[in-house]
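The values are calculated or read from the model by the stated rules, or taken from the named source; none is laboratory data. In this text the structure is predicted, and so the values were computed from the model without any measurement. Backbone-built Cβ (ideal geometry, glycine too); neighbour counts: all protein chains shown. Note: areas computed on protein heavy atoms with side chains; ligands, DNA, RNA excluded. Shrake-Rupley method; radii C 1.70, N 1.55, O 1.52, S 1.80 Å.
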Amino acid sequence: MENQKDYKSSISNDINKIINETEILINKYNKFFNIEEIFSSENGGKTRLNRQIFNENHEEIQASILEIGLCLDEIKGYISEEIKMILSKYNLFDKIELTDLIFDDRNFLELLFLDLETHGIKGEIRVRCLNDVNELLSLKNKIFNLKYFVDMFNTSIFDKYLNRLGVEDLINSTIIFETIDSYGLQFEELLKFSKEIKTLEPQNEKVTNLNSLTSLLELHKRRADNYHYASIRYKIFVEYNCDILSKTMYINKAYLENIISSLMEQSYMDLVKKELKKGKIQKQVDVNVSIVKNTLQISVKNNGFESRNIQSLYSADIDNRYILEAKNLATVINAKFDIQTLDNEGMLYTLSVKLKA
(Lines give C-alpha, C1' and ligand atoms only; values in the text may rest on other atoms or scores of the structure.)
Protein backbone atom coordinates (compact mmCIF):
# COMPACT_ATOMS: atom_id res chain seq x y z
CA MET A 1 0.00 0.00 0.00
CA GLU A 2 1.48 3.34 -1.06
CA ASN A 3 2.25 5.95 1.57
CA GLN A 4 1.61 3.26 4.18
CA LYS A 5 4.06 4.75 6.65
CA ASP A 6 2.40 8.20 6.59
CA TYR A 7 -1.07 6.72 6.63
CA LYS A 8 -0.44 4.45 9.63
CA SER A 9 1.59 7.12 11.42
CA SER A 10 -1.28 9.62 11.13
CA ILE A 11 -3.75 7.09 12.51
CA SER A 12 -1.38 6.18 15.34
CA ASN A 13 -1.11 9.86 16.35
CA ASP A 14 -4.90 10.18 16.52
CA ILE A 15 -5.25 6.95 18.48
CA ASN A 16 -2.73 8.19 21.06
CA LYS A 17 -4.72 11.43 21.40
CA ILE A 18 -7.90 9.40 21.96
CA ILE A 19 -6.22 7.16 24.56
CA ASN A 20 -5.05 10.23 26.49
CA GLU A 21 -8.46 11.89 26.26
CA THR A 22 -10.15 8.67 27.39
CA GLU A 23 -8.12 8.65 30.60
CA ILE A 24 -9.24 12.23 31.24
CA LEU A 25 -12.82 11.23 30.46
CA ILE A 26 -12.76 8.33 32.93
CA ASN A 27 -11.75 10.76 35.68
CA LYS A 28 -14.56 13.10 34.68
CA TYR A 29 -17.07 10.24 34.75
CA ASN A 30 -15.97 9.22 38.23
CA LYS A 31 -17.35 12.53 39.52
CA PHE A 32 -20.86 11.14 38.96
CA PHE A 33 -20.19 8.61 41.71
CA ASN A 34 -18.56 10.91 44.28
CA ILE A 35 -21.13 10.81 47.10
CA GLU A 36 -19.68 13.90 48.75
CA GLU A 37 -20.38 16.03 45.67
CA ILE A 38 -23.50 14.69 43.96
CA PHE A 39 -25.83 15.24 46.93
CA SER A 40 -26.89 18.39 48.69
CA SER A 41 -29.23 19.01 51.63
CA GLU A 42 -32.48 20.96 51.64
CA ASN A 43 -33.31 23.37 54.47
CA GLY A 44 -35.58 20.72 55.94
CA GLY A 45 -32.72 18.24 56.09
CA LYS A 46 -33.80 16.29 52.98
CA THR A 47 -31.04 15.00 50.71
CA ARG A 48 -31.42 15.70 47.01
CA LEU A 49 -29.46 15.06 43.85
CA ASN A 50 -27.26 18.03 43.02
CA ARG A 51 -28.39 18.67 39.46
CA GLN A 52 -25.90 21.50 38.96
CA ILE A 53 -22.95 19.15 39.54
CA PHE A 54 -24.36 16.70 36.97
CA ASN A 55 -24.93 19.50 34.45
CA GLU A 56 -21.43 20.92 34.89
CA ASN A 57 -19.83 17.49 34.59
CA HIS A 58 -21.93 16.79 31.50
CA GLU A 59 -20.49 19.93 29.84
CA GLU A 60 -16.95 18.83 30.73
CA ILE A 61 -17.62 15.37 29.28
CA GLN A 62 -19.01 16.86 26.06
CA ALA A 63 -15.67 18.61 25.48
CA SER A 64 -13.84 15.24 25.68
CA ILE A 65 -16.44 13.51 23.48
CA LEU A 66 -16.03 16.25 20.86
CA GLU A 67 -12.24 15.78 20.87
CA ILE A 68 -12.53 12.00 20.54
CA GLY A 69 -15.14 12.34 17.78
CA LEU A 70 -12.93 14.68 15.77
CA CYS A 71 -10.03 12.21 15.95
CA LEU A 72 -12.22 9.29 14.86
CA ASP A 73 -13.60 11.34 11.96
CA GLU A 74 -10.05 12.23 10.95
CA ILE A 75 -9.11 8.54 10.90
CA LYS A 76 -12.22 7.79 8.85
CA GLY A 77 -11.01 10.45 6.40
CA TYR A 78 -7.59 8.77 6.11
CA ILE A 79 -9.27 5.45 5.34
CA SER A 80 -11.48 7.03 2.68
CA GLU A 81 -8.49 8.71 1.01
CA GLU A 82 -6.47 5.48 1.03
CA ILE A 83 -9.28 3.55 -0.65
CA LYS A 84 -9.67 6.32 -3.25
CA MET A 85 -5.93 6.21 -3.90
CA ILE A 86 -5.97 2.46 -4.53
CA LEU A 87 -9.00 2.69 -6.82
CA SER A 88 -7.62 5.64 -8.78
CA LYS A 89 -4.37 3.75 -9.33
CA TYR A 90 -6.31 1.27 -11.48
CA ASN A 91 -8.99 3.74 -12.73
CA LEU A 92 -11.67 1.89 -10.79
CA PHE A 93 -15.02 3.18 -9.49
CA ASP A 94 -14.20 6.68 -10.65
CA LYS A 95 -17.62 8.04 -9.64
CA ILE A 96 -18.17 6.21 -6.35
CA GLU A 97 -18.89 8.28 -3.22
CA LEU A 98 -16.69 7.23 -0.28
CA THR A 99 -17.07 10.21 2.06
CA ASP A 100 -19.29 8.46 4.63
CA LEU A 101 -17.95 4.90 4.03
CA ILE A 102 -21.50 3.64 4.58
CA PHE A 103 -22.08 0.68 2.28
CA ASP A 104 -22.34 -3.11 2.22
CA ASP A 105 -18.69 -4.26 2.44
CA ARG A 106 -19.28 -7.65 0.80
CA ASN A 107 -21.16 -6.07 -2.10
CA PHE A 108 -18.43 -3.43 -2.46
CA LEU A 109 -15.71 -6.10 -2.72
CA GLU A 110 -17.74 -8.14 -5.21
CA LEU A 111 -18.22 -5.08 -7.42
CA LEU A 112 -14.52 -4.27 -7.09
CA PHE A 113 -13.63 -7.79 -8.20
CA LEU A 114 -15.87 -7.42 -11.27
CA ASP A 115 -14.40 -4.00 -12.07
CA LEU A 116 -10.89 -5.42 -11.87
CA GLU A 117 -11.96 -8.17 -14.29
CA THR A 118 -13.44 -5.59 -16.67
CA HIS A 119 -10.13 -3.68 -16.66
CA GLY A 120 -8.20 -6.90 -17.29
CA ILE A 121 -6.44 -6.75 -13.91
CA LYS A 122 -5.79 -10.28 -12.72
CA GLY A 123 -3.33 -12.46 -10.83
CA GLU A 124 -1.13 -11.07 -8.08
CA ILE A 125 -2.05 -7.43 -8.74
CA ARG A 126 -5.77 -8.16 -8.34
CA VAL A 127 -5.19 -10.13 -5.15
CA ARG A 128 -3.05 -7.32 -3.69
CA CYS A 129 -5.65 -4.69 -4.58
CA LEU A 130 -8.50 -6.69 -3.01
CA ASN A 131 -6.45 -7.45 0.10
CA ASP A 132 -5.44 -3.81 0.57
CA VAL A 133 -9.04 -2.62 0.26
CA ASN A 134 -10.29 -5.40 2.52
CA GLU A 135 -7.73 -4.38 5.17
CA LEU A 136 -9.01 -0.81 5.02
CA LEU A 137 -12.64 -1.98 5.29
CA SER A 138 -11.72 -3.98 8.38
CA LEU A 139 -10.16 -0.86 9.89
CA LYS A 140 -13.25 1.16 8.89
CA ASN A 141 -15.47 -1.28 10.80
CA LYS A 142 -13.26 -0.96 13.87
CA ILE A 143 -13.49 2.85 13.75
CA PHE A 144 -17.27 2.71 13.30
CA ASN A 145 -17.38 0.41 16.31
CA LEU A 146 -15.44 2.94 18.38
CA LYS A 147 -17.85 5.67 17.26
CA TYR A 148 -20.69 3.45 18.44
CA PHE A 149 -19.18 3.26 21.94
CA VAL A 150 -18.84 7.05 22.05
CA ASP A 151 -22.57 7.36 21.40
CA MET A 152 -23.33 4.81 24.15
CA PHE A 153 -21.44 6.70 26.87
CA ASN A 154 -22.56 10.17 25.69
CA THR A 155 -24.31 11.78 28.67
CA SER A 156 -26.72 13.93 26.61
CA ILE A 157 -29.80 11.70 26.94
CA PHE A 158 -29.64 11.40 30.73
CA ASP A 159 -28.70 15.06 31.15
CA LYS A 160 -31.92 16.02 29.34
CA TYR A 161 -33.84 13.59 31.57
CA LEU A 162 -32.28 15.08 34.69
CA ASN A 163 -33.25 18.59 33.63
CA ARG A 164 -36.90 17.56 33.31
CA LEU A 165 -37.08 16.36 36.91
CA GLY A 166 -38.90 18.49 39.46
CA VAL A 167 -37.71 19.31 42.96
CA GLU A 168 -39.71 16.43 44.44
CA ASP A 169 -38.12 14.01 41.95
CA LEU A 170 -34.64 15.08 43.00
CA ILE A 171 -35.32 13.94 46.58
CA ASN A 172 -37.05 10.70 45.52
CA SER A 173 -34.68 7.90 46.56
CA THR A 174 -35.87 5.55 43.79
CA ILE A 175 -35.25 8.14 41.07
CA ILE A 176 -31.91 9.12 42.64
CA PHE A 177 -30.50 5.60 42.62
CA GLU A 178 -31.93 4.77 39.18
CA THR A 179 -30.26 7.91 37.81
CA ILE A 180 -26.89 7.07 39.34
CA ASP A 181 -27.25 3.49 38.08
CA SER A 182 -27.96 4.77 34.54
CA TYR A 183 -24.73 6.76 34.56
CA GLY A 184 -23.04 3.61 35.89
CA LEU A 185 -24.29 1.59 32.91
CA GLN A 186 -22.86 4.23 30.58
CA PHE A 187 -19.59 4.17 32.49
CA GLU A 188 -19.33 0.45 31.68
CA GLU A 189 -19.50 1.37 27.98
CA LEU A 190 -16.70 3.91 28.49
CA LEU A 191 -14.52 1.25 30.11
CA LYS A 192 -15.17 -1.07 27.15
CA PHE A 193 -14.15 1.76 24.82
CA SER A 194 -10.92 2.34 26.79
CA LYS A 195 -10.09 -1.33 26.24
CA GLU A 196 -11.06 -1.41 22.55
CA ILE A 197 -9.08 1.72 21.62
CA LYS A 198 -5.81 0.02 22.58
CA THR A 199 -5.80 -2.20 19.49
CA LEU A 200 -7.16 -1.76 15.97
CA GLU A 201 -7.16 -5.49 15.28
CA PRO A 202 -10.53 -7.27 15.73
CA GLN A 203 -10.35 -9.37 18.91
CA ASN A 204 -12.32 -12.49 19.87
CA GLU A 205 -13.04 -12.97 23.57
CA LYS A 206 -13.92 -15.97 25.71
CA VAL A 207 -17.54 -15.43 26.77
CA THR A 208 -18.96 -17.57 29.58
CA ASN A 209 -22.08 -15.54 30.37
CA LEU A 210 -24.31 -12.89 28.82
CA ASN A 211 -24.23 -10.45 31.72
CA SER A 212 -22.78 -7.67 29.59
CA LEU A 213 -25.66 -8.07 27.12
CA THR A 214 -28.16 -7.75 29.94
CA SER A 215 -26.49 -4.52 31.10
CA LEU A 216 -26.47 -3.21 27.53
CA LEU A 217 -30.17 -4.00 27.05
CA GLU A 218 -31.04 -2.31 30.34
CA LEU A 219 -29.11 0.78 29.23
CA HIS A 220 -31.04 0.81 25.94
CA LYS A 221 -34.32 0.46 27.81
CA ARG A 222 -33.56 3.59 29.82
CA ARG A 223 -32.26 5.53 26.82
CA ALA A 224 -35.33 4.61 24.74
CA ASP A 225 -37.59 5.97 27.46
CA ASN A 226 -35.98 9.35 26.71
CA TYR A 227 -35.46 8.99 22.95
CA HIS A 228 -35.20 12.23 20.96
CA TYR A 229 -35.46 12.67 17.21
CA ALA A 230 -35.56 16.07 15.48
CA SER A 231 -35.83 17.76 18.91
CA ILE A 232 -38.98 15.77 19.73
CA ARG A 233 -39.09 13.28 22.58
CA TYR A 234 -40.56 9.85 21.84
CA LYS A 235 -41.35 7.43 24.64
CA ILE A 236 -40.36 3.96 23.46
CA PHE A 237 -40.99 0.82 25.50
CA VAL A 238 -38.24 -1.82 25.42
CA GLU A 239 -38.71 -5.33 26.78
CA TYR A 240 -35.92 -7.88 26.73
CA ASN A 241 -35.18 -11.47 27.65
CA CYS A 242 -31.67 -12.88 27.84
CA ASP A 243 -31.09 -16.64 28.25
CA ILE A 244 -28.33 -18.13 30.34
CA LEU A 245 -25.36 -19.11 28.17
CA SER A 246 -25.12 -22.90 28.21
CA LYS A 247 -21.54 -23.13 26.90
CA THR A 248 -18.42 -21.06 26.40
CA MET A 249 -18.19 -19.12 23.15
CA TYR A 250 -15.38 -17.22 21.47
CA ILE A 251 -16.58 -14.10 19.70
CA ASN A 252 -15.84 -10.43 19.14
CA LYS A 253 -18.10 -9.26 21.97
CA ALA A 254 -17.77 -5.58 21.08
CA TYR A 255 -19.01 -6.26 17.54
CA LEU A 256 -21.84 -8.45 18.83
CA GLU A 257 -23.02 -5.71 21.18
CA ASN A 258 -22.71 -3.14 18.40
CA ILE A 259 -24.94 -5.27 16.14
CA ILE A 260 -27.63 -5.52 18.84
CA SER A 261 -27.44 -1.78 19.47
CA SER A 262 -27.63 -1.00 15.74
CA LEU A 263 -30.77 -3.12 15.38
CA MET A 264 -32.34 -1.39 18.36
CA GLU A 265 -31.44 2.06 17.02
CA GLN A 266 -32.89 1.03 13.65
CA SER A 267 -36.05 -0.07 15.47
CA TYR A 268 -36.38 3.35 17.10
CA MET A 269 -36.16 4.94 13.64
CA ASP A 270 -38.76 2.47 12.31
CA LEU A 271 -41.12 3.55 15.09
CA VAL A 272 -40.59 7.24 14.43
CA LYS A 273 -41.18 6.71 10.68
CA LYS A 274 -44.46 4.91 11.37
CA GLU A 275 -45.66 7.60 13.76
CA LEU A 276 -44.83 10.33 11.25
CA LYS A 277 -46.90 8.45 8.64
CA LYS A 278 -49.82 7.20 10.73
CA GLY A 279 -49.98 9.35 13.85
CA LYS A 280 -49.48 8.38 17.49
CA ILE A 281 -48.77 4.69 18.12
CA GLN A 282 -47.71 2.65 21.14
CA LYS A 283 -44.02 2.22 20.38
CA GLN A 284 -42.62 -1.16 21.40
CA VAL A 285 -39.30 -2.97 20.87
CA ASP A 286 -38.89 -6.59 21.99
CA VAL A 287 -35.43 -8.17 22.20
CA ASN A 288 -34.94 -11.88 22.75
CA VAL A 289 -31.51 -13.50 23.24
CA SER A 290 -31.73 -17.27 23.32
CA ILE A 291 -29.63 -20.39 22.85
CA VAL A 292 -31.24 -22.87 20.46
CA LYS A 293 -29.20 -26.08 20.19
CA ASN A 294 -25.77 -24.83 19.09
CA THR A 295 -26.90 -21.40 17.93
CA LEU A 296 -27.06 -18.03 19.67
CA GLN A 297 -30.19 -16.35 18.30
CA ILE A 298 -30.90 -12.66 18.77
CA SER A 299 -34.18 -11.19 17.57
CA VAL A 300 -35.16 -7.52 17.68
CA LYS A 301 -38.84 -6.93 16.84
CA ASN A 302 -40.71 -3.62 16.66
CA ASN A 303 -44.17 -2.49 15.66
CA GLY A 304 -42.85 0.26 13.41
CA PHE A 305 -42.16 0.86 9.73
CA GLU A 306 -42.81 -2.07 7.36
CA SER A 307 -40.63 -2.12 4.26
CA ARG A 308 -41.82 -4.33 1.42
CA ASN A 309 -38.52 -3.95 -0.42
CA ILE A 310 -35.99 -5.46 1.98
CA GLN A 311 -33.12 -4.99 -0.49
CA SER A 312 -33.61 -1.20 -0.37
CA LEU A 313 -32.47 -1.32 3.28
CA TYR A 314 -29.04 -2.52 2.09
CA SER A 315 -28.54 0.45 -0.26
CA ALA A 316 -25.50 2.64 0.42
CA ASP A 317 -27.43 5.40 2.15
CA ILE A 318 -26.80 7.22 5.42
CA ASP A 319 -30.42 6.47 6.39
CA ASN A 320 -29.53 2.77 6.30
CA ARG A 321 -26.38 3.13 8.40
CA TYR A 322 -27.59 0.94 11.27
CA ILE A 323 -28.61 -1.90 8.94
CA LEU A 324 -25.37 -1.70 6.97
CA GLU A 325 -23.22 -1.63 10.10
CA ALA A 326 -25.08 -4.62 11.54
CA LYS A 327 -24.70 -6.55 8.27
CA ASN A 328 -21.00 -5.75 7.91
CA LEU A 329 -20.20 -6.77 11.50
CA ALA A 330 -22.35 -9.90 11.17
CA THR A 331 -20.13 -10.93 8.24
CA VAL A 332 -17.00 -10.31 10.35
CA ILE A 333 -18.21 -12.59 13.18
CA ASN A 334 -19.52 -15.24 10.73
CA ALA A 335 -23.13 -14.71 11.73
CA LYS A 336 -26.31 -14.89 9.67
CA PHE A 337 -28.29 -11.65 9.49
CA ASP A 338 -31.89 -11.50 8.35
CA ILE A 339 -34.66 -8.89 7.96
CA GLN A 340 -38.38 -9.69 7.79
CA THR A 341 -41.54 -7.62 7.58
CA LEU A 342 -44.40 -8.78 9.79
CA ASP A 343 -47.73 -8.04 8.14
CA ASN A 344 -49.70 -5.39 10.03
CA GLU A 345 -47.10 -5.55 12.81
CA GLY A 346 -43.67 -4.17 12.04
CA MET A 347 -40.07 -5.24 11.46
CA LEU A 348 -38.10 -8.23 12.70
CA TYR A 349 -34.29 -8.31 12.68
CA THR A 350 -32.54 -11.59 13.45
CA LEU A 351 -28.93 -12.54 14.09
CA SER A 352 -27.82 -16.19 14.33
CA VAL A 353 -24.35 -17.19 15.52
CA LYS A 354 -23.25 -20.83 15.43
CA LEU A 355 -21.59 -21.96 18.63
CA LYS A 356 -18.79 -24.47 18.43
CA ALA A 357 -19.74 -27.88 19.78
Computed Rg/Rh for the chain (Cα atoms; Rh = Kirkwood radius) stands at 1.00
Answer in debye to the nearest 20: the dipole magnitude of the chain about its Cα centre, from +1 Lys/Arg and -1 Asp/Glu charges placed on Cβ, is 820 debye
The size of the Cβ-based charge dipole (Lys, Arg +1; Asp, Glu -1) of the stretch 88-183 about the Cα centre, to the nearest 20 debye, is 380 debye
Per principal axis, largest first, the Cα atoms of the stretch 23-73 extend in Å by 50, 16, 8
Rounded to the nearest 10 Å², the 1.4 Å probe accessible area of Ser138 is 50 Å²
Counting sequence-distant residues (5 or more places) and residues on other chains, those with an amide H built under 5 Å from that of Thr295 are Leu355
In cubic angstrom per residue, the convex hull of the stretch 1-154 built on its Cα atoms measures 113 Å³
Karplus ³J(HN,Hα) for the stretch 257-262 (6.51 cos²θ - 1.76 cosθ + 1.60, θ = phi - 60°; Hz, whole; x = Gly/Pro) runs 5, 5, 4, 4, 4, 4
Diffing the stretch 303-318: the Karplus 3J(HN,Hα) column from phi (6.51, -1.76, 1.60, θ = phi - 60°), in whole Hz with x for Gly and Pro, holds 9, x, 3, 10, 9, 7, 10, 4, 4, 5, 6, 9, 5, 6, 8, 4
Sequence order, the stretch 192-202: Karplus ³J(HN,Hα) from phi using 6.51 cos²θ - 1.76 cosθ + 1.60, θ = phi - 60°, Hz rounded, Gly and Pro as x, gives 5, 4, 4, 7, 5, 5, 6, 8, 9, 8, x
Filtering GluC sites (Glu not before Pro) in the stretch 47-131 by DSSP loop and by at most 12 other Cβ atoms within 10 Å leaves Glu97
Full extension between Thr199 and Asp319 adds, at 0.36 nm per residue less the Cα distance, a length in nm of 40.3 nm
Of the residues Phe32, Asn302, Ser312, the Cα lying farthest along the dipole of the chain towards its positive end, which is defined by charges on the beta carbon of Lys, Arg, Asp and Glu, belongs to Asn302
Loop-resident trypsin sites (Lys or Arg not before Pro) in the stretch 205-304 with no more than 10 other Cβ atoms inside 10 Å, DSSP not H/G/I/E/B, are Lys235, Lys280, Lys293
Hull surface over four for the Cα convex hull of the stretch 291-340, reported in nm², is 4.3 nm²
Semi-axes in Å, largest first, for the stretch 157-296 (Cα gyration tensor, √(5λ)) are 29, 20, 15
Per-residue ellipticity at 222 nm attributable to helices in the chain (runs of n ≥ 4 DSSP H, -39500 (n - 2.57) apiece, nearest 500 deg cm²/dmol) works out to -19500 deg cm²/dmol
Probe 1.4 Å, heavy atoms of protein chains only: per residue, the accessible area of the stretch 269-357 in Å² is 52 Å²
Per the 1/(1 + (r/R0)^6) rule, R0 = 35 Å and r from the Cβ atoms of Lys280 and Phe187, FRET efficiency to 0.05 is 0.50
For Tyr314, the accessible surface traced by a 1.4 Å probe with all protein chains present amounts, in square angstrom to the nearest 10, to 40 Å²
The size of the Cβ-based charge dipole (Lys, Arg +1; Asp, Glu -1) of the stretch 209-357 about the Cα centre, to the nearest 20 debye, is 100 debye
